[in-house]
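Structure incoming, see below.
The values are calculated or read from the model by the stated rules, or taken from the named source; none is laboratory data. Note that the coordinates shown come from a computational prediction; the quantities given were computed from them, not determined experimentally. Virtual Cβ from ideal backbone geometry, glycine too; neighbours counted across all protein chains shown. Surface areas here come from the heavy atoms of the whole protein model, side chains and all, with no ligands, DNA or RNA. Shrake-Rupley method; radii C 1.70, N 1.55, O 1.52, S 1.80 Å.
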Amino acid sequence: MYFPQYRPRRLRAGETIRRMVRETTLAADNFIYPLFVTHGKGVKKEIGSMPGNFQQSIDNVVKDCEETWKLGVPAVILFGIPEMKDETGSEACSEHGVVQHAIRAIKDKLPDLLVITDVCLCEYTSHGHCGVIRNGQVQNDETLELLAKEAVSHARAGADMVAPSDMMDGRVGAIREALDDTGYQQVPIMSYAAKYASGFYGPFREAAESTPQFGDRRSYQMDPPNSREALREVALDIEEGADIVMVKPALSYLDIIFQVKQQFNLPVAAYNVSGEFSMIKAGAKLGWIDGDRVMLEVLTSIKRAGADMILTYHAKEAAKLLNG
Ligand SMILES: [Zn+2]
């Protein structure tokens, strides 16, 4: 059927009919809100390049979680900023680490809010890399032990889900085994399965104070031009026991999200990263784009590509708009 018999505009004529034929619906349920936890009390330090996002002490993080939960956002993901950084990132695995304390405080107030933890070493190491360094190289197998210990310590503190973001080979299997051996068979793993070495992480590194002190992360994060490699990484993580697989970043990798969704039958997460957030904020501040409209369009595109859940700094503001 072609024009003039068929006129696609008929189904776009008014908002009611558009609502009826809309294929993708965005809701607060789809969001995971990232939070940066720091030591101290009463701390709430805005991250310059990420307006509306803060480094916060636990008391303020709990308040933020209450707001998040009230808006209908079901989950947060925690990133820790330790008191002291060292070569092996020891605060990452400490019972008294800032994330471990935060998990206990949040779960105490909001038992139903799903608390996910980022499992990595870069925020905790003095060199800012995601693993142990020897001879200037990130050591894969030695790092696995530390990541497994970190994941278990998060689970012990009450984390509902762990999310390894390091991109070491074999980490999902190592973490699954360690969780199972310590009685945390019920704790799911959301793996950063296809994580690219991206320029879009810039503002996050200010937020998490995790800029590598030498070199970059290209020897472990993926090369942006590759997509078949992403599917291999996802397949490996599923084989090793991942429950949810993530693609990061989201906006420049919608094709990867789409392919992962088509090829695998696990829930897919996408990380709408800091640079994607900051670009919208900057454009809106300059008056060059309508920030709210572009934000919802971007989030919708990520969901339309195949993401079941979106980690996003927009979670609260988008939820407010969607809740109307
Ligand atoms: Zn890392």
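Looking only at region 259-294, which residues are outside any strand (DSSP E or B), crowded, with 17+ Cβ neighbours inside 10 Å and aromatic (Phe, Trp, Tyr)?
Matches in region 259-294: PHE264, PHE277.
While we're looking at this one, here's another question. Determine whether VAL234 is more than 15 Å from the ligand (Cβ to nearest atom) and outside any helix (DSSP H, G or I).
Criteria not met by VAL234.
Out of the residues in region 241-258 that are open to solvent by 50 Å² or more (accessible area, probe 1.4 Å) and charged (D, E, K, R), state the one that is nearest to the chain's Cα centre (by Cα).
Ranking the qualifying residues of region 241-258, first place goes to ASP243.
Please identify the pairs in which a residue from region 83-102 that is basic (Lys, Arg) has its Cβ atom under 7 Å from the Cβ atom of a residue that is open to solvent by 10 Å² or more (accessible area, probe 1.4 Å), counting only partners at least 6 apart or on another chain.
Between residues of region 83-102 that are basic (Lys, Arg) and residues that are open to solvent by 10 Å² or more (accessible area, probe 1.4 Å), the close pairs are LYS85/SER126.
Could you please let me know if SER210 is assigned to a loop (DSSP other than H, G, I, E, B), under 30 Å from VAL73 (Cα atoms) and among the small types (Gly, Ala, Ser)?
Yes; evaluated as a whole, the condition is true for this residue.
How about region 3-31: which of its residues are of a type outside the set (D, E, K, R) and either modelled with pLDDT under 95 or closer than 30 Å to THR68 by Cβ (or both)?
THR24, THR25, LEU26, ALA27, ALA28, ASN30, PHE31
Of the residues that sit in region 122-132 and are of a type in the set (A, V, I, L, M, F, W, C) and not in a strand (DSSP E or B), which one is surrounded by the most Cβ atoms within 10 Å (Cβ to Cβ)?
If we take residues in region 122-132 being of a type in the set (A, V, I, L, M, F, W, C) and not in a strand (DSSP E or B), then CYS130 is surrounded by the most Cβ atoms within 10 Å (Cβ to Cβ).
Continuing with the same structure: If I filter region 226-236 for residues that are within 25 Å of VAL73 (Cα to Cα) and either in contact (Cβ under 8 Å) with a residue 24 or more places away in the chain or not aromatic (Phe, Trp, Tyr) (or both), do I get at least one hit?
Taking every residue of region 226-236 in turn, none turns out to be within 25 Å of VAL73 (Cα to Cα) and either in contact (Cβ under 8 Å) with a residue 24 or more places away in the chain or not aromatic (Phe, Trp, Tyr) (or both).
Only one residue in VAL73, VAL37, VAL61 is in a strand (DSSP E or B), within 19 Å of ALA163 (Cβ to Cβ) and open to solvent by less than 50 Å² (accessible area, probe 1.4 Å). Which one?
Checking each option against the conditions leaves just VAL37.
Return the pair list, or none, for Cβ contacts closer than 7 Å from residues in region 108-129 that are more than 14 Å from the ligand (Cβ to nearest atom) to residues that are among the aromatic types (Phe, Trp, Tyr), at least 6 apart or on different chains.
Close Cβ pairs (under 7 Å, with a partner that is among the aromatic types (Phe, Trp, Tyr)) amount to LEU110/TRP69; LEU113/TRP69.
When residues of region 137-146 are filtered for being more than 14 Å from GLU87 (Cα to Cα) and either buried (at least 17 other Cβ atoms within 10 Å of the Cβ) or touching a helix residue (DSSP H, G or I) at 6+ places or on another chain (Cβ under 6 Å) (or both), how many remain?
Counting residues in region 137-146 that are more than 14 Å from GLU87 (Cα to Cα) and either buried (at least 17 other Cβ atoms within 10 Å of the Cβ) or touching a helix residue (DSSP H, G or I) at 6+ places or on another chain (Cβ under 6 Å) (or both) gives 2.
Considering only region 99-121, I want to know if a residue exists there that is in a loop (DSSP other than H, G, I, E, B), in contact with a Phe, Trp or Tyr (Cβ under 7 Å, 6 or more places away or on another chain) and at positive phi.
Within region 99-121, none of the residues are in a loop (DSSP other than H, G, I, E, B), in contact with a Phe, Trp or Tyr (Cβ under 7 Å, 6 or more places away or on another chain) and at positive phi.
Can we say LYS85 is within 19 Å of THR38 (Cβ to Cβ), basic (Lys, Arg), within 16 Å of the ligand (Cβ to nearest atom) and open to solvent by 10 Å² or more (accessible area, probe 1.4 Å)?
So LYS85 fits the description; yes.
Looking at (1) of a type in the set (Asp, Glu); (2) touching a Leu at 6+ places or on another chain (Cβ under 9 Å); (3) part of a loop (DSSP other than H, G, I, E, B), which one does GLU83 not meet, given that it meets all the others?
If we test GLU83 against (1) of a type in the set (Asp, Glu); (2) touching a Leu at 6+ places or on another chain (Cβ under 9 Å); (3) part of a loop (DSSP other than H, G, I, E, B), just (2) comes out false.
Of these, MET190, MET246, MET167, MET222, which one is touching a Cys at 6+ places or on another chain (Cβ under 9 Å) and of a type outside the set (Val, Ile, Thr)?
MET167
Right, something else. Can you tell me which residues in region 156-171 are away from the ligand (no atom under 16 Å from the Cβ) and surrounded by 24 or more Cβ atoms within 10 Å (Cβ to Cβ)?
ALA159 - this is the single residue of region 156-171 that is away from the ligand (no atom under 16 Å from the Cβ) and surrounded by 24 or more Cβ atoms within 10 Å (Cβ to Cβ).
Residue by residue through region 198-217, note down the ones that are touching a Ser or Thr at 6+ places or on another chain (Cβ under 8 Å) and either open to solvent by 70 Å² or more (accessible area, probe 1.4 Å) or more than 11 Å from the ligand (Cβ to nearest atom) (or both).
SER198, PHE200, GLY202, PRO203, GLU206, ALA207, GLN213
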